[in-house]
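Peer 1: I'd like to ask some things about the structure below.
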Amino acid sequence: MGIEELTTGGKLRRVTRWSEPVLHAQTRAVTAFDDELRELVRDMFATMAASHGVGLAATQVGVDLAVFIYDCPDADEIHQIGAVCNPVVTTPEGDQRNLVSEDEGCLSLPGGYQPLARPDKAICTGVDPWGNPVTIEGTGMLARCLQHETDHLNGTVFGDRLSGRLRRKLYAQHEELAHLYPDDWPLTPKRTSADG
């Protein structure tokens, strides 16, 4: 049983928005590693692909379970793919800690990007959708993704980590492009500016 079998065959689900309570609450631990969980993961991969994301938390499809998926390049531009239940992320401390500020966005606030400093390395431990222990050592964008998605499962959106000024800029960017994203996106595809 490998993660590859869960990356296809799922159905699209609506991506929740930052205004919805599910994105601001602590998730429930995954305790049943069953077909229902794997169906959720399969749907999350389909939804993430349709949304052109690199990571997606269960809360972003309206489910309050501690699981996220990723399909994201690391610092060596090698694509890493996986699903983690009940994740715990640790980042380097002291001299080993190196913060990198890069633009970050979120599928649940489409169109908005602002720079956020995060550690350039992260280790995520948890279990896979079959209940087997996993450890992911993330570098580059993958390190950022692991931190971003684990934040989601703890009820934190990345805007919570921004200064008031950058948060206002982020919301302004989102508002400018919000009309391109239907309420049920990606069930209804993103509009192009040509659609009016």
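Peer 1: Which of (1) 19.1; (2) 17.9; (3) 17.0 is the computed Kirkwood radius over Cα pairs in Å for the structure on display?
Peer 2: Looking at Kirkwood radius over Cα pairs in Å for this model, the match is (3).
Peer 1: Heavy atoms only, 1.4 Å probe, whole protein assembly: order 78, 136 by accessible area, highest first.
Peer 2: Accessible-area ranking of 78, 136, largest first: 78, 136.
Peer 1: Rounded to the nearest 5, what % of DSSP beta bridges with both residues in the chain are antiparallel?
Peer 2: Beta bridges within the chain, antiparallel portion: roughly 95 percent.
Peer 1: Something else: Ordering 44, 141 by how much accessible area each has at a 1.4 Å probe, largest first, what is the list?
Peer 2: Final ranking, largest accessible area leading: 141, 44.
Peer 1: Keeping all protein chains in the complex and leaving out DNA, RNA and ligands, what accessible area do you get for residue 51 with a 1.4 Å probe, in Å² to the nearest 10?
Peer 2: Roll a 1.4 Å probe over it and residue 51 shows about 10 Å².
Peer 1: Where in the chain are the DSSP H helices whose C-alpha atoms run 18 Å or more along the long axis and whose mean Kyte hydropathy is at least -1.0?
Peer 2: Membrane-span-like by this rule: 35-51, 140-153.
Peer 1: Accessible area of residue 113, 1.4 Å probe, to the nearest 10 Å²?
Peer 2: Spelled out: residue 113, probe radius 1.4 Å, area about 120 Å².
Peer 1: Ordering 39, 93 by accessible area with a probe of 1.4 Å, largest first, what comes out?
Peer 2: So, going from the largest accessible area down, we get 93, 39.
Peer 1: Identify all lysines with a Cα-Cα distance to residue 11 below 23 Å; exclude those on the same chain that are fewer than 8 residues away in sequence.
Peer 2: Leaving aside lysines fewer than 8 places away in the same chain, those within reach of residue 11 are 190.
The values are calculated or read from the model by the stated rules, or taken from the named source; none is laboratory data. Computed from a predicted model, the values in this text were never measured in an experiment. When the accessible area is computed, the model is the full protein with side chains, heavy atoms only, and any ligands, DNA or RNA have been set aside. Shrake-Rupley method; radii C 1.70, N 1.55, O 1.52, S 1.80 Å.
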